[in-house]
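Contents: one structure, followed by commentary.
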Amino acid sequence: MISLPITVWLVDDDDDDLMLLKTAFERVDSSVFLETMHDGEDLIAKLQSSSERPNFVVLDLNMDRLSGMQALQEIRQEFPQKELKIIVLTTSFNPDDRFHSEVMGANDFFVKPTEFNELIDLVRDLLRHWVA
């Protein structure tokens, strides 16, 4: 049996956070193909211009050009939760952000861990749970 490669799109405007996420994914499973984008506009443009779809998207909320919440709202008008899995990963502890993410159609929501080992554990859990 041939298994398809795992693809994850990382959307965050903070280069340091992207680097940490990429490193965590590489430590957990170096075969995962990672594509990075810097905001919701990049994500929407990629979805519109390509037939490729990731196993899941990791989406930050607080970004300049088009926030994660705005992108999530636009994306869910075209792509239902079962078709495109979006995991919100943010620094926000605000319960309203969690609530609104769920209402807008996020498949899951996490606050960014402060320790790298916790990020590795989170990435491992994401891969176990969201890769079909």
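Since every read-out is calculated from the coordinates, none of them should be taken as a lab result. As the structure is a prediction and not an experimental result, all values here were calculated from the model. Reconstructed Cβ throughout: ideal geometry from the backbone, glycine too, with neighbour counts over all protein chains shown.
Just a few scattered comments:
- Of the labelled figures (i) 13.8, 44; (ii) 16.0, 50; (iii) 15.2, 44, only one reflects Rg and Dmax of the Cα atoms in Å as derived from the coordinates, namely (i).
- Region 83-132 versus region 1-80: alpha-carbon centroid distance in Å: 12 Å
- Shown here for region 46-132: trypsin sites (Lys or Arg not before Pro) in loop regions (DSSP other than H, G, I, E, B) with at most 13 other Cβ atoms within 10 Å, namely 65, 82.
- Counted as membrane-span-like here are DSSP H helices of the chain whose alpha-carbon atoms extend 24 Å or more along the helix's own axis and whose Kyte-Doolittle mean is 1.6 or above; there are none.
- The GluC sites (Glu not before Pro) of region 79-132 meeting both criteria, a DSSP state outside H, G, I, E and B (loop) and at most 14 other C-beta atoms within 10 angstrom of the site's C-beta, are 83, 115.
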